[in-house]
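Enquirer: Mind looking over this structure? Questions follow.
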Amino acid sequence: MAKPPLAWKRTPPARHAAAKPKPRPKSGLRQAGKTPASAKFRVGVLGTGDVGHALARGFIVLGHEVMMGSRSASNEKAAKWATAAGKRASHGTFADAAAFGDVVVFATKGGTNASVVKAAGPAAFAGKVVIDATNPLDDSAGFPPTLLVRGDDSGGQRLQRLLPKAKVVKAFNIVNNDLMFRPKVKGGPPDMYIAGDDAGAKEMVTAILNDFGWPHVVDFGGIKSARWLEALCIVWVLACAGTGNWRQAFKLLS
């Protein structure tokens, strides 16, 4: 989340190419159930903002291949990132990145997820683990933001309904982008909270989070709990704004 105002070896794609990747066999990760600690895989990151850059960088540092997706194959921010990130980085459209990834990450504005799914095509996500790092924020009335989706629904639930054959896991949405990879805060490593319906997908996302520097991951249950994690984002915003410190995160103590 941006601050309010105030990575299986395969033949790599053409460097920084925006061309649609050719069909390939199903990933070893999904077939063999390997975790990120024992296998490298392809990641499609949808979104070119601060969150997209932070998560894409983390996967690259960990040795995975990453394609950053946007609405246009010629997106300047994505092209610049791919050039700077090196040979395992590439860029393309939302459809390209969704097809490319063994794991796909939504790092878009939460309120635009439906249009992103439409642009990419739901079939591209079938059988894949989809990490939802978004929050459906509404800042039309100024600061602090509120949620576009609330009550008995959430952005995470809506994304799962849009992608019924995918395994959506809510994660990364309760901290600022600069804490998403290898977070360092006073008081020791913070917790990351996740929610999703598929146990295997949550196990994999937990392993990814561990690799990203989050040793303590708390499972909040099914994807319906995304409503509480998205609301927790607003709590985080208010706490940070009130203290003037945006490098804060949550931790359960016992």
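Any read-out appearing in this document is the output of simple, stated calculations on the displayed coordinates, not a laboratory observation. Just so it is clear, the model here is predicted, and its values are computed rather than measured. Note that each Cβ is placed from the backbone with ideal geometry, even for glycine, and that neighbours are counted across all protein chains shown.
Enquirer: Can you tell me which residues in region 203-236 are of a type in the set (Gly, Ala, Ser), part of a helix (DSSP H, G or I) and over 15 Å from the mean Cα position of the chain (by Cα)?
Expert: Here is the first cut: in region 203-236, the ones of a type in the set (Gly, Ala, Ser) are 207, 213, 221-222, 225-226, 231.
Add one more test, that the residue is part of a helix (DSSP H, G or I), and what stays is 207, 225-226, 231.
Within region 203-236, Ser225, Ala231 qualify.
Enquirer: Of everything in region 51-93, what is within 17 Å of Thr108 (Cα to Cα) and acidic (Asp, Glu)? Give them in sequence order.
Expert: Glu76
Enquirer: What's the total number of residues in region 178-208 that are surrounded by fewer than 21 Cβ atoms within 10 Å (Cβ to Cβ) and closer than 14 Å to Phe59 by Cβ?
Expert: Residues that pass the stated criteria total 3.
Enquirer: Only residues in region 203-227 that are of a type in the set (Phe, Trp, Tyr) count as the first member; pair them with residues that are buried (at least 21 other Cβ atoms within 10 Å of the Cβ) and in a helix (DSSP H, G or I), Cβ under 7 angstrom, at least 6 apart or cross-chain, and list the lot.
Expert: Cβ pairs passing all conditions: Phe212/Gly58; Phe220/Leu229.
Enquirer: Moving on. Outside any helix (DSSP H, G or I), closer than 23 Å to Asn113 by Cα and in contact with a Pro (Cβ under 9 Å, 6 or more places away or on another chain): which single residue out of Pro189, Pro183, Pro164 fits that description?
Expert: Pro164
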